[in-house]
Each structure stands twice: as C-alpha cells, then as structure tokens.
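Participant: Starting off with a structure, shown below.
The values are calculated or read from the model by the stated rules, or taken from the named source; none is laboratory data. A quick note: this is a predicted structure, and the numbers were derived from the prediction, not measured. Ideal geometry is used to build each Cβ from the backbone, glycine not excepted, and the neighbour counts take in all protein chains shown. Only protein heavy atoms, including side chains, enter the accessible area calculation; ligands, DNA and RNA are left aside. Shrake-Rupley method; radii C 1.70, N 1.55, O 1.52, S 1.80 Å.
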Amino acid sequence: MITVKCAAAQAKMRAAGRVVEETLQLLERNIRTGVSTKALNDLAEDFIRSKGAIPSFLGYRGFPASLCVSVNEQVVHGIPDRYRLRDGDIVSCDVGAIFQSYHGDAARTFLVGQVAEEAQKLVRVTRECFFKGLKFCRSGYRVSDISLAIQRHAESHGYGVVRALTGHGIGTSLHEDPEVPNFFSPKARMRLQPGMTLAIEPMINMGTWRIRRLDDGWTEVTEDGLPSAHYENTVLITEGEPELLTGAEERP
Ligand code: MG
C-alpha cells in the first residue's frame with residue numbers, strides 16, 4: 001500500500017531524516033584505516049539512541065546490527081564485524097533510524113585512504129545516478145522515470161545496475177510500496193504525488209549487475225568480485241522541488 005504523508009507525518013520524517021544525516025556525517029569523520037566495521041556500528045547506534053531515536057535495521061527480519069557496512073565487492077547488507085578498514089577500500093554505510101514511529105534511510109559510500117581512480121569514479125557516478133533520478137521525483141512523473149534516469153547514467157559508464165534489490169517507499173514501515181527499481185521496469189508505472197516519501201538508492205557495480213548472497217544470510221556481493229557502490233536518500237515528493245529528508249546538504 002502506498003501512503004501519502006500529511007504535514008505532521010512529514011515533520012516526523014524530517015526529524016528522522018536529520019538523525020540519519022547526522023549519523024552519516026559522524027561516520028564520515030571516523031572513517032580511516034584501521035577502524036573496525038563493528039566500531040562504526042557502535043558509534044552509529046550510540047549516536048542514534050542519543051537523539052531519542054531507534055536504529056531501524058537492528059532486528060529487522062533478524063538483521064543482527066544497527067548499521068549495514070559493505071566493503072568493496074560487498075553491495076549492501078554487510079554485517080559489521082572485526083574487519084578493519086584498509087587503505088584503498090571503499091565502504092558503504094547504510095543508516096536507518098526511527099523517530100516517533102517514522103523511519104529515515106540513507107547510505108553513502110566512503111573512501112578509505114588512497115583509493116584507485118576507477119573505484120573513486122564508481123563512487124562518484126553512483127552518487128550522480130541518485131541526482132539524475134531526483135530530477136524525476138516530481139508530482140506527475142512515474143516511478144519508472146526515476147529508474148530509467150538512474151540506469152541510463154550508470155550504463156553510460158559501462159557499469160552494472162543491481163536488479164535483485166530496489167529502492168522503496170518509506171514511512172512508519174522501513175519498506176513500503178512502491179518499489180523503486182534502479183533499472184527500467186514496466187511494473188513501475190505508478191505516478192508520483194505530493195506527500196509520497198521514497199528511499200531512492202542506486203546500487204551500482206563496476207562490472208556485472210549480478211550479485212549473490214553470502215552464507216551469513218545477509219551480505220550481498222558482486223558475482224565477479226568487482227567493487228560496488230551505494231548512495232541513498234529519503235525524498236519527499238512535493239508540489240514543486242523534491243525535498244531531501246536526508247542529504248539536503250549533498251544537493252549539487
Ligand atoms: Mg533503503
């Protein structure tokens with residue numbers, strides 16, 4: 001079911017989004033060689049709780065952590081552990097927070113130390129894909145207009161667009177309708193209307209779009225072992241310009 005948020009609900013989503021945004025900024029300041037992904041998780045969880053919010057992902061369908069941390073060939077849903085970041089890694093951090101029953105959801109891919117130019121480009125283009133899609137986050141456009149804009153930009157650089165996972169509506173549930181694929185799907189014909197809130201999240205691979213899940217039951221990795229990047233914000237559809245409920249300061 002698609003939900004349209006009233007002004008009061010939008011205000012709560014704005015507050016949830018602010019917590020998520022500040023958590024990502026805190027993580028960015030702490031990304032460096034030698035930091036374990038578990039330490040990043042604990043930092044994020046403590047910060048979210050200090051703001052009177054609850055981590056969205058902890059316990060979600062049994063997910064065992066508050067933060068998803070996905071390094072290099074890991075696409076999404078990496079489980080934080082003792083792994084320590086190494087020079088040259090790219091690390092995707094996905095944060096969700098619930099504030100007064102409403103969720104915010106956003107992700108960034110950070111660079112650790114000196115990263116190869118081709119991986120830097122992947123991270124840059126993945127972020128650009130989000131903003132290409134954002135242009136179509138307007139009343140009257142269809143979900144598939146967002147999808148196609150993302151796909152075209154990624155594929156123009158020869159990258160693979162993950163098919164098995166998509167963006168989504170968001171509100172009092174972390175995942176609501178509609179699905180927001182990062183590739184054209186004839187099923188995504190719904191028209192956008194003011195008050196809809198969407199998590200738009202390009203997941204872009206340097207090589208093949210194919211992914212597989214590790215035996216831990218969560219971590220998605222590229223089938224060819226090449227790096228993958230992730231960039232996400234929660235977006236409010238309005239009568240005019242879309243509002244970024246996370247990442248307002250990221251807008252180019
Ligand atoms: Mg999401």
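Participant: Out of the residues in region 117-138 that are open to solvent by less than 60 Å² (accessible area, probe 1.4 Å) and touching a Gly at 6+ places or on another chain (Cβ under 9 Å), which is farthest from Q25 (Cα to Cα)?
Facilitator: The qualifying residue farthest from Q25 (Cα to Cα) is G133.
Participant: Taking into account only those residues within region 188-221 that are under 17 Å from the mean Cα position of the chain (by Cα) and polar (S, T, N, Q), which is farthest from V115 (Cα to Cα)?
Facilitator: Looking at the filtered set, the residue picked out is T197.
Participant: Only one of L192, L165, L214, L174 is closer than 17 Å to Y102 by Cβ and aliphatic (A, V, I, L, M). Can you tell me which?
Facilitator: Values: L192 fails: closer than 17 Å to Y102 by Cβ; L165 fails: closer than 17 Å to Y102 by Cβ; L214 fails: closer than 17 Å to Y102 by Cβ.
After applying the criteria, what remains is L174.
Participant: Search region 176-188 for residues being closer than 20 Å to T238 by Cα and of a type outside the set (G, A, S), and hand back the single one that is nearest to the ligand (Cβ to nearest atom). Can you show your working first?
Facilitator: Going residue by residue through region 176-188, those that are closer than 20 Å to T238 by Cα are 176-180, 188.
Remaining after also requiring of a type outside the set (G, A, S): 176-180.
Values: E176: 11, D177: 14, P178: 13, E179: 11, V180: 9 Å.
Ranking the qualifying residues of region 176-188, first place goes to V180.
Participant: Which one of S70, S36, S56 is in contact with a Phe, Trp or Tyr (Cβ under 7 Å, 6 or more places away or on another chain), open to solvent by less than 40 Å² (accessible area, probe 1.4 Å) and hydroxyl-bearing (S, T, Y)? Show your work before the answer.
Facilitator: Values: S70 fails: in contact with a Phe, Trp or Tyr (Cβ under 7 Å, 6 or more places away or on another chain); S56 fails: in contact with a Phe, Trp or Tyr (Cβ under 7 Å, 6 or more places away or on another chain).
The conditions single out S36.
Participant: If you scan region 139-150, which residues turn out to be among the aliphatic types (A, V, I, L, M) and open to solvent by 10 Å² or more (accessible area, probe 1.4 Å)? Quick ask: steps written out before the conclusion?
Facilitator: At the first step, the residues of region 139-150 found to be among the aliphatic types (A, V, I, L, M) are 143, 146, 148-150.
Passing the criteria: L148, A149.
Participant: Let me ask you something else. Could you list, in sequence order, the residues of region 3-22 that are open to solvent by less than 60 Å² (accessible area, probe 1.4 Å), in a helix (DSSP H, G or I) and touching a residue at least 40 places away in the same chain (Cβ under 8 Å)?
Facilitator: Of everything in region 3-22, those that are open to solvent by less than 60 Å² (accessible area, probe 1.4 Å), in a helix (DSSP H, G or I) and touching a residue at least 40 places away in the same chain (Cβ under 8 Å) turn out to be A9, Q10, M13, A15, A16, G17, V19, V20, E21.
Participant: Also, quick follow-up: Among the residues of region 96-109, is any under 13 Å from the mean Cα position of the chain (by Cα), surrounded by 15 or more Cβ atoms within 10 Å (Cβ to Cβ) and more than 15 Å from the ligand (Cβ to nearest atom)?
Facilitator: Checked against the condition, which is being under 13 Å from the mean Cα position of the chain (by Cα), surrounded by 15 or more Cβ atoms within 10 Å (Cβ to Cβ) and more than 15 Å from the ligand (Cβ to nearest atom), region 96-109 yields no hits at all.
The rows are residues; the columns are (1) open to solvent by 10 Å² or more (accessible area, probe 1.4 Å); (2) touching a residue at least 24 places away in the same chain (Cβ under 8 Å); (3) in contact with a His (Cβ under 8 Å, 6 or more places away or on another chain).
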position: R152; (1), (2), (3): yes, no, no
position: S156; (1), (2), (3): yes, no, no
position: V162; (1), (2), (3): no, yes, no
position: G169; (1), (2), (3): no, yes, yes
position: T172; (1), (2), (3): yes, yes, yes
position: F184; (1), (2), (3): yes, yes, no
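Participant: Looking at region 189-230, which of the residues that are away from the ligand (no atom under 15 Å from the Cβ) and in contact with a Pro (Cβ under 8 Å, 6 or more places away or on another chain) is most open to solvent (accessible area, probe 1.4 Å)?
Facilitator: Ranking the candidates gives M190 first.
Participant: I'd like to verify a number: residues in region 74-95 that are open to solvent by 10 Å² or more (accessible area, probe 1.4 Å), under 25 Å from L174 (Cα atoms) and more than 16 Å from the ligand (Cβ to nearest atom), how many?
Facilitator: 3
Participant: Restricting the first residue to region 104-120 and requiring it to be farther than 19 Å from G78 by Cα and hydrophobic (A, V, I, L, M, F, W, C), which pairs with a second residue that is away from the ligand (no atom under 16 Å from the Cβ) and part of a strand (DSSP E or B) meet a Cβ separation below 7 Å and a spacing of at least six or different chains?
Facilitator: That search, which allows pairs on different chains as well, returns V115/I90.
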